[in-house]
Amino acid sequence: MNFTPDAAASFMPPRALRNPHLQTVLPRLVRRRLLLRPHWQRLDLPDGDFVDLAWSEDPQQASHKPRVVLFHGLEGNFHSPYAHGLMHACQRQGW
């Protein structure tokens, strides 16, 4: 079977995979393994709140490296596939 770009554009997944509920749940069922273990740091704020930082490595030992600040969004966290994967990609670049 030849799979041309036009055929790829018209491809529809099986009906069961087009279910919106399944599209929401499926990524949670097939999570990728963690690619790195973060170095956690908690900053306590004057108002009693806090900010948790997940470093790709100990920041004291990596002070000479470029830094990337990644914000995961209001409902995300470090363990979301997007944030974790992006942090791992930055670590591989030496940032």
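Every read-out reported here was derived from the displayed coordinates using simple, explicitly stated rules and does not represent laboratory data. Small disclaimer: the values here were computed from a predicted structure and weren't measured. So basically every Cβ, Gly included, is an ideal-geometry build from the backbone, and we count neighbours across all protein chains shown.
Our estimate of slack between D44 and H79, defined as 0.36 nm per intervening residue step minus the Cα-Cα distance, is 10.4 nm. Between V68 and R92, the modelled label-to-label distance comes to 1.0 nm, taking each label 7 Å out from Cα in the direction of the beta carbon.
Sorted on the mean count of surrounding Cβ atoms within 10 Å across their residues, most packed first, peptides 75-84, 39-48 read 75-84, 39-48.
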